[in-house]
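Here's the structure we're looking at; comments come further down.
The values are calculated or read from the model by the stated rules, or taken from the named source; none is laboratory data. Owing to the predicted nature of the structure, the values given are computational and were not obtained by experimental measurement. So basically every Cβ, Gly included, is an ideal-geometry build from the backbone, and we count neighbours across all protein chains shown. Quick note on the areas: whole protein, heavy atoms, side chains included, nothing else; ligands and nucleic acids left out. Shrake-Rupley method; radii C 1.70, N 1.55, O 1.52, S 1.80 Å.
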Amino acid sequence: NAGVTQTPKFQVLKTGQSMTLQCAQDMNHNSMYWYRQDPGMGLRLIYYSASEGTTDKGEVPNGYNVSRLNKREFSLRLESAAPSQTSVYFCASSLFGVNTEAFFGQGTRLTVV
Amino acid sequence: SQQGEEDPQALSIQEGENATMNCSYKTSINNLQWYRQNSGRGLVHLILIRSNEREKHSGRLRVTLDTSKKSSSLLITASRAADTASYFCATDTGGGADGLTFGKGTHLIIQP
């Protein structure tokens with residue numbers, strides 16, 4: 001049972017480079033999320049997708065774009081990485097929005113130099 | 001913005017003791033959830049308690065919710081070394097699908 005799978009696990013980028021974080025879930029969940037976790041800040045929502053075909057901004061969307069490729073996959077793209085985007089990124093999914101438990105991936109540790 | 005705030009920020013107890021963590025939030029909620037995060041890992045769901053519930057149990061975990069005080073507590077009984085982790089409360093914002101809002105967490109250390 002894979003659950004939520006994120007790739008890559010670690011990444012170092014130079015300022016201005018772009019990259020896409022991949023996320024896939026195999027639980028047939030409708031809702032998917034991207035969070036970032038910074039020291040002392042807890043998790044903050046970047047973007048979410050309530051269901052296939054929809055995406056919406058969360059608390060901290062600037063500098064990011066997302067694509068809900070299909071029901072399984074939800075990717076996060078950094079078009080021009082900045083040092084402020086150094087963080088640990090978590091993808092999560094839930095069956096039906098926030099009224100059901102969320103399952104998290106193992107995270108991507110991103111460093112922008 | 002942080003909806004939930006956990007208290008204390010850090011807690012160190014002896015194995016076998018009970019650990020209590022508190023969470024306060026600011027706006028009306030439909031449900032409140034507790035998650036555990038082991039160092040370097042993703043979050044793991046522990047309990048979801050709905051706004052019309054006052055108490056919920058799961059194994060050694062007990063969660064209470066007081067909507068009049070906008071607060072919740074997580075009690076871990078008979079703690080074990082494996083309970084060492086960070087614990088987060090998370091609330092919905094009432095919108096239904098727009099993600100959870102997390103507190104900053106309580107870092108729990110169980111001393112053997």
Just counting partner chain Cβ atoms within 10 Å, what average do the residues of peptide B:100-112 show around their Cβ?
-> 3
Per the Debye formula with a single identical scatterer at each Cα and no solvent contribution, what log10 I(q)/I(0) holds for chain A at q = 0.11, 0.13, 0.14, 0.19 Å⁻¹?
-> -0.30, -0.43, -0.49, -0.92
With R₀ set to 22 angstrom, the calculated FRET efficiency between the beta-carbons of residue A:96 and residue A:71, to the nearest 0.05, is 0.95
With heavy atoms of protein chains only and a 1.4 Å probe, what residues of the range A:87-113 have at least 50 Å² less accessible area in the full set of chains than alone?
-> A:98, A:99, A:101, A:104, A:106
Carbon and sulfur atoms: what percent of the 1.4 Å accessible area of the protein assembly as shown do they account for?
-> 48
Put one equal scatterer on each alpha carbon of the protein assembly as shown, apply the Debye formula with no solvent term, and list log10 I(q)/I(0) at q = 0.09, 0.18 1/Å to two decimals.
-> -0.35, -1.30
What FRET efficiency would be calculated for the residue pair residue B:61, residue A:26, taking the C-beta separation as r and a Förster radius of 30 Å, to the nearest 0.05?
-> 0.65
Protection proxy ranking, peptides B:45-53, A:9-17, B:71-79, average beta carbon neighbours within 10 Å, highest first | B:71-79, B:45-53, A:9-17
For the B and A pair, go ahead and give the buried accessible area with a 1.4 Å probe, both sides summed, in Å² to 100.
-> 1900
Two-decimal Rg to Rh for the range A:48-113 - Kirkwood Rh, Cα set | 0.97
Compute the FRET efficiency between residue B:52 and residue A:18 as 1/(1 + (r/R0)^6), taking r as their Cβ-Cβ distance and R0 = 30 Å, and round to the nearest 0.05.
-> 0.05
Distance from the range A:1-63 to the range B:1-76 (C-alpha centre basis), Å | 24
If only Cα atoms are counted, what is the Rg of the range B:21-90, and what is its Dmax, in Å?
-> 12.1, 35
When the distances between all Cα atoms of the range A:22-65 are binned every 5 Å from zero, what whole-number percent does each bin get?
-> 6, 20, 27, 24, 15, 7, 2
